[in-house]
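Engineer: Have a look at this one.
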Amino acid sequence: MPERKKPSRRGPNRAGPDDNRVECPCIVTHGVQYSTTTEFVFPDTEFGIIINSLFKVFQNARGIEDMGGFFGVVSKNECVNDLFYGTDYHSHLGTRRAGMAVYGDNGFRRIIHDISNAQFRSKFEEELGEFRGRAGIGVISDYEDQPILITSHHGTYGIVTVSFIGNARELTDELFSVRRGHFAATTGMGLNPTELISAIIDTQPTLLEGLMRVQEVVKGSCSLLILTDKGEVIAMRDRYGRTPVILGRNADGYAATMETTAFANLGYSTYRELGPGEVVRLTAAGDEILALPRPEMAICTFFWIYFGFPSSKYEGINVEEMRYKNGMELAKRSPADVDIVTGVPDSGVAHALGYSHQTGIPYKRPFVKYTPTWPRSFMPPDQSRRQLIANKKLIAIPDFIQGKRIACLDDSIVRGTQLRDQAHRLYDNGATELHMRVACPPLLYGCKFLNFSRSSSETELIARRTAQEIDGPDAKIADYVDPDGEKHRQMVERIRRRLGLTSLAYQRLDDMLKALGLPEGRVCTYCWTGKDVSCKGCADCPCAKN
Ligand code: SF4
């Protein structure tokens, strides 16, 4: 058994060293994790050395993170082409790793590739001939190698996950406290989160009980697909439905996807969406519900605002349409006297088209994206390269900028560095005024449910940093949420000045939800409000304090 020294735990989610919040004691409902200063020392045995080095890797990470997208299919006929293209349609959700597994007459076949510098299709196309099967799962993710193949008392199965496990270390500690063993599928970030999920599943007598256990203990979220050695696919949506999982069908069988975009050109029609925490078994003949949906839902609003593909629908609401309506609402509340309206490619464009439509001001493109060599949303891990690439992708068209007053829409402002650079480029090319309109409210809280780069690192958020400049490191962040409040106004004005903008207006939460058409209690708005459905109001709750 490990001897734990200084078992200090601190603040929820991935807060940095200057975060002053206290830990919420609620184990299940908050993203509490061990701080990087926690020390675990296992006895100096061979086993202990392995575990100590594993935790060393954890100390360099902020929990285990992974954003991505998956696709699964079960068919009466060969499914490989559908699996290949269905997975490919998730390329905008992950950037570094991709894999597919099929189950056929010869058992399982799986491949995983690094796609950091190549598109999914170019890496997998040549090997497609080696795949034969009528059931399969595929995934594109940011960090981890998957699908992984597991053999346990549940049989042999392949598994892919889209997850954020805020309490990965705690769960690992718990697993090793009840049994000896090891994790094999490590990644550059340490333990492979999908393997940890499978280890939790395998602690339970049945697969379904294992999946229920994952829903109970993972702090963050976990949606997954399992490919069984009976040629079935089990699909599970995360406990609060933060990520969508949608079922489609055609004449030959059924598919599960995170993006309905994948169905359109593959001949599937949307059959139904899984509810929060729902588990189904898919065969070529249909779906069987293994676990009913839970009543509480908090789907991530950012799927519509930023990272969803325009042609996709979640909860029956199309991404492009929501963005268009959102831009219209923004124009009603925050009009600007300008010559042209534009949107930061790609996710700002539909918001800007709605803004242009509402105001009657023409939409133009003072920047165009150089798509031949920048076809996908490549995001290198370090910030300076990310910024460089963001700038290199966009080419200015001075004829549309010179002497113009411009209203520009973007999905959100994270650090503000890219926006400041773009503003300078517009002014350098002769823009006389730049009025920024942001499609969502200021990001004040780091996401603790998904590995979402737009709001993952709380200390980097320009809105939060600005609030702390105004009120000091102990600033009560909740005071800055109200768009009609004086603190909010001061914060926005400071950001405007820092970014060198003529005017700056953020979308309001109520207007954003009006454009979306879902009630506040059914969507996650934590990164703007600090409040979440998973919060049960514990005494030390960060929701209440901030
Ligand atoms: S905190 Fe923000 S990014 Fe995270 S799930 Fe909620 S809405 Fe999405």
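The values are calculated or read from the model by the stated rules, or taken from the named source; none is laboratory data. If you're wondering where the values come from, they're calculated on a predicted model, not measured in any experiment. Positions of Cβ are generated from backbone atoms using ideal geometry, with glycine treated the same way; all protein chains shown enter the neighbour counts.
Engineer: Would you please name the residue that is surrounded by the fewest Cβ atoms within 10 Å (Cβ to Cβ), looking only at residues in the stretch 268-321 that are among the hydroxyl-bearing types (Ser, Thr, Tyr) and within 28 Å of Lys514 (Cα to Cα)?
Structural biologist: Ser269
Engineer: Are there any pairs, at least 6 apart or on different chains, whose C-beta atoms fall under 8 Å, with the first in the stretch 318-331 and within 10 Å of Leu353 (Cα to Cα) and the second at pLDDT below 95 and not in a helix (DSSP H, G or I), and if so, which?
Structural biologist: Close Cβ pairs satisfying both conditions: Arg323/Ser347.
Engineer: Turning to a different aspect of this structure: Is it true that Ala431 is at pLDDT 95 or above, crowded, with 16+ Cβ neighbours inside 10 Å, assigned by TED's automatic domain parsing to the domain that holds Lys531 and within 16 Å of the ligand (Cβ to nearest atom)?
Structural biologist: Answer is no for this residue.
Engineer: OK, next. List pairs: first residue in the stretch 239-265 and in contact (Cβ under 8 Å) with a residue 60 or more places away in the chain and more than 14 Å from Ser163 (Cβ to Cβ), second residue of a type in the set (Lys, Arg) and in a loop (DSSP other than H, G, I, E, B) anywhere in the structure, Cβ distance under 8 angstrom, at least six positions apart or on different chains.
Structural biologist: Here the result reads Pro244/Arg237; Asp252/Lys76; Gly253/Lys76; Gly253/Arg134, each pair linking the stretch 239-265 to a residue that is of a type in the set (Lys, Arg) and in a loop (DSSP other than H, G, I, E, B).
Engineer: While we're here: Can you find a residue that is under 13 Å from Phe70 (Cα atoms) and among the hydroxyl-bearing types (Ser, Thr, Tyr) anywhere in the stretch 117-126?
Structural biologist: Checked the stretch 117-126: no residue is under 13 Å from Phe70 (Cα atoms) and among the hydroxyl-bearing types (Ser, Thr, Tyr).
Engineer: Determine whether the stretch 456-479 contains at least one residue that is among the polar types (S, T, N, Q), over 21 Å from Ala331 (Cα atoms), away from the ligand (no atom under 16 Å from the Cβ) and part of a helix (DSSP H, G or I).
Structural biologist: Looking through the stretch 456-479, at least one residue is among the polar types (S, T, N, Q), over 21 Å from Ala331 (Cα atoms), away from the ligand (no atom under 16 Å from the Cβ) and part of a helix (DSSP H, G or I).
Engineer: Quick one: is Thr342 among the polar types (S, T, N, Q) and without any contact (Cβ under 8 Å) to a residue 60 or more places away in the chain?
Structural biologist: It is false that Thr342 is among the polar types (S, T, N, Q) and without any contact (Cβ under 8 Å) to a residue 60 or more places away in the chain.
Engineer: For the stretch 308-353, give me the residue count where each residue is part of a helix (DSSP H, G or I), within 16 Å of the ligand (Cβ to nearest atom) and out of contact with any helix residue (DSSP H, G or I) (no Cβ under 7 Å at 6 or more places or on another chain).
Structural biologist: 0
Engineer: Pairs only if they're at least six apart or on different chains, beta carbon under 7 angstrom, first in the stretch 296-307 and more than 9 Å from the ligand (Cβ to nearest atom), second aromatic (Phe, Trp, Tyr) and part of a loop (DSSP other than H, G, I, E, B); list them, first residue then second.
Structural biologist: Glu296/Tyr240; Met297/Tyr240
Engineer: Report yes if Gly416 is within 16 Å of the ligand (Cβ to nearest atom), touching a residue at least 60 places away in the same chain (Cβ under 8 Å) and under 30 Å from the mean Cα position of the chain (by Cα), otherwise no.
Structural biologist: no
Engineer: Go through (1) within 27 Å of Gly530 (Cα to Cα); (2) in contact with a Phe, Trp or Tyr (Cβ under 9 Å, 6 or more places away or on another chain); (3) more than 11 Å from the ligand (Cβ to nearest atom) for Ala407 and report which single condition fails.
Structural biologist: Of everything listed in (1) within 27 Å of Gly530 (Cα to Cα); (2) in contact with a Phe, Trp or Tyr (Cβ under 9 Å, 6 or more places away or on another chain); (3) more than 11 Å from the ligand (Cβ to nearest atom), Ala407 misses just condition (1).
Engineer: When you check Phe449 against the structure, is it on the phi < 0 side of the Ramachandran plot and within 14 Å of the ligand (Cβ to nearest atom), yes or no?
Structural biologist: Criteria met by Phe449.
Engineer: Name the residue, out of Ala199, Ala184, Ala235, that is in a loop (DSSP other than H, G, I, E, B), more than 16 Å from the ligand (Cβ to nearest atom) and among the aliphatic types (A, V, I, L, M).
Structural biologist: When all the criteria are applied, what remains is Ala184.
Engineer: Something else: Give Gly231, Gly220 a once-over and let me know the one that is more than 24 Å from Cys535 (Cα to Cα) and not hydrophobic (A, V, I, L, M, F, W, C).
Structural biologist: Among Gly231, Gly220, only Gly231 is more than 24 Å from Cys535 (Cα to Cα) and not hydrophobic (A, V, I, L, M, F, W, C).
Engineer: In a loop (DSSP other than H, G, I, E, B) and touching a His at 6+ places or on another chain (Cβ under 8 Å), is that true of Glu296?
Structural biologist: No; evaluated as a whole, the condition is false for this residue.
Engineer: Can I ask one more? In the stretch 113-127, which residues are touching a helix residue (DSSP H, G or I) at 6+ places or on another chain (Cβ under 6 Å) and free of Cβ contacts under 8 Å to residues at least 12 places away in the same chain?
Structural biologist: Correct list: empty.
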